Amino acid sequence: MVNKPRLDSARSKTGPGSFSELMDEVVLDLTDAFPTAMAALGDGEEDELHTYLREVVQAMRHA
């Protein structure tokens, strides 16, 4: 779901802003790319996805 090109795309839209802004853009990008799947998530599932995405993006930023 999240790879370097997607992360680079999100960063190009947010600039060197905060991690929170970057994560908002990553989620927005995924929502655009996978609208049905993202809309089908329940609140708990969405929270789990956001936690997972934060971990993945943090690891990618430090790789």
Going by alpha carbons, how many degrees (0 to 90, nearest 10) lie between the helix axis of 4-14 and the longest principal axis of the chain?
-> 80
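Counting only protein chains, not ligands or nucleic acids, how are Glu48, Glu21 ordered by accessible area (probe 1.4 Å), most first?
If we order Glu48, Glu21 from most to least accessible, we get Glu48, Glu21.
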For the chain, dividing by residue count, accessible area per residue (probe 1.4 Å) in Å² works out to 66
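The values are calculated or read from the model by the stated rules, or taken from the named source; none is laboratory data. Source: prediction; values computed, not measured. We work out accessible area using only protein heavy atoms, side chains counted, and drop any ligands, DNA or RNA first. Shrake-Rupley method; radii C 1.70, N 1.55, O 1.52, S 1.80 Å.
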